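Shown next, in structure tokens, is the structure this report addresses.
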Amino acid sequence: MKESYKILFCLCVALLLFAACKSKQATNDISSLTPVGPAFVADSAFAFCEAQCEFGPRTMNSEAHDRCAQWIVKKFQQYGCQTTLQEATLTGYDGTSLRATNIIASYRPAASDSTVAGEKILLCAHWDSRPWADNDPDSTNWRKPVMAANDGASGVAVMLEIARLLQQADSLKLGVDFICFDAEDWGTPQWDTTTQVQGDPWALGAQYWSQQYAAALSNSAQGVARYRFGILLDMVGGQGARFYKERFSKQYASQVVEKVWAAARVVGYGSMFPDSDGEHITDDHVSVNTVAHVPCIDIIPFYPECEQSGFGPTWHTVNDDMQHIDLNTLQGVGQTVIQVLFSEN
């Protein structure tokens with residue numbers, strides 16, 4: 001009988017320990033977390049998006065492109081960021097020389113706080129416009145430039161609003177680098193079926209930055225940022241957008257995917273970030289992962305039931321304008337990224 005009581009006692013202790021562990025897990029469950037950081041202001045991001053579009057399509061080698069670059073730099077500087085221009089002449093799919101400028105803006109560039117060991121977070125988006133509306137349902141529009149309110153301007157707008165909030169809050173000890181990649185959208189148009197393309201014609205600015213960053217690391221160059229992870233924002237202002245888990249992101253940075261999607265649930269935008277997989281998307285984050293070796297995910301919409309495009313009905317059409325930008329989408333993405341940043345602190 002004594003042995004039986006001893007076994008029973010041990011079982012009870014084990015059950016109590018198991019219950020305690022479960023209770024501890026519950027306190028760490030996402031449902032127990034609360035929103036942190038400042039409130040993202042979608043109206044402000046909308047205005048930043050609109051301001052870019054007022055320059056017209058920011059196609060490569062155009063005056064609108066150059067003037068918008070100056071505006072983006074001034075806005076980041078206005079919000080206390082240190083800016084650097086990474087200029088290069090890149091070659092388009094058709095051999096065109098492209099005067100490209102990657103705009104790098106650093107919040108807390110030194111990132112010297114001992115608790116973060118000099119690490120930074122990378123936020124990025126492309127800022128150039130597609131030169132051809134080659135996915136437009138009207139073939140007469142195929143060679144017209146795209147205003148790129150969503151496919152370009154929205155990602156930059158969200159980053160600018162985050163920079164503005166970081167300056168106001170002044171409580172994030174972690175360093176953040178914002179990179180506006182150029183020459184993302186000079187990929188082969190659908191109507192060109194004859195040009196022989198060498199290499200990947202998309203995301204040229206990100207490819208160049210990744211190569212330069214990797215070279216600087218290998219040469220142990222001073223002042224090279226060390227990134228904990230990166231988040232790419234692409235087409236983050238479209239109406240009815242939902243952000244599925246992009247597959248290259250899961251392949252290279254699955255923990256970052258889970259971190260971001262959990263943050264979306266905390267701030268009330270779980271339905272905008274469904275717990276489902278999207279597609280493999282060739283985007284700026286691919287070279288950031290494979291060449292720069294920074295674990296970087298892509299927040300990019302997926303419209304599985306849209307006949308026009310899986311990227312939504314305005315993708316690479318003349319309808320990618322401010323009339324199709326949604327404040328709720330900007331709010332959901334912006335607040336999610338704020339949650340991620342201030343959860344790292």
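The values are calculated or read from the model by the stated rules, or taken from the named source; none is laboratory data. For clarity, every value in this text was computed on a predicted model and none was experimentally measured. Here the Cβ positions follow ideal geometry from the backbone for every residue, glycine too, while neighbour counts run over all protein chains shown.
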Selection from the stretch 183-223 of residues of a type in the set (A, V, I, L, M) and either within 24 Å of Gln255 (Cα to Cα) or out of contact with any Leu (no Cβ under 7 Å at 6 or more places or on another chain) (or both) yields Val197, Ala203, Ala206, Ala214, Ala215, Ala216, Leu217, Ala221
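Yes or no, residue by residue, for (1) farther than 25 Å from Leu341 by Cβ; (2) of a type in the set (S, T, N, Q):
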{"site": "Asn135", "(1), (2)": "yes, yes"}
{"site": "Met147", "(1), (2)": "yes, no"}
{"site": "Gln168", "(1), (2)": "no, yes"}
{"site": "Gly187", "(1), (2)": "yes, no"}
Quick check: is even one residue across the stretch 210-219 out of contact with any strand residue (DSSP E or B) (no Cβ under 8 Å at 6 or more places or on another chain), modelled with pLDDT of 95 or more, more than 17 Å from Val333 (Cα to Cα) and not in a helix (DSSP H, G or I)? no
Can you name the residue in the stretch 88-107 that is touching a Cys at 6+ places or on another chain (Cβ under 8 Å) and not hydrophobic (A, V, I, L, M, F, W, C) and, of all such residues, is surrounded by the fewest Cβ atoms within 10 Å (Cβ to Cβ)? Ser106
If I go through the stretch 88-103 residue by residue, how many of them are over 13 Å from Asn61 (Cβ atoms) and within 21 Å of the chain's Cα centre (by Cα)? 2
Of (1) out of contact with any Gly (no Cβ under 7 Å at 6 or more places or on another chain); (2) in contact (Cβ under 8 Å) with a residue 24 or more places away in the chain; (3) outside any helix (DSSP H, G or I), Asn102 satisfies every one except (1)
In this structure, is Val256 surrounded by fewer than 24 Cβ atoms within 10 Å (Cβ to Cβ), among the aliphatic types (A, V, I, L, M) and modelled with pLDDT under 95? no
Answer yes if at least one residue in the stretch 181-197 is touching a residue at least 40 places away in the same chain (Cβ under 8 Å), in a helix (DSSP H, G or I) and either of a type in the set (Lys, Arg) or in contact with a Lys or Arg (Cβ under 9 Å, 6 or more places away or on another chain) (or both), and no otherwise. no
(1) over 18 Å from Tyr79 (Cα atoms); (2) surrounded by fewer than 24 Cβ atoms within 10 Å (Cβ to Cβ) all hold for Gln167 apart from (1)
Residue count, the stretch 220-249, condition surrounded by fewer than 17 Cβ atoms within 10 Å (Cβ to Cβ) and not in a loop (DSSP other than H, G, I, E, B), comes to 3
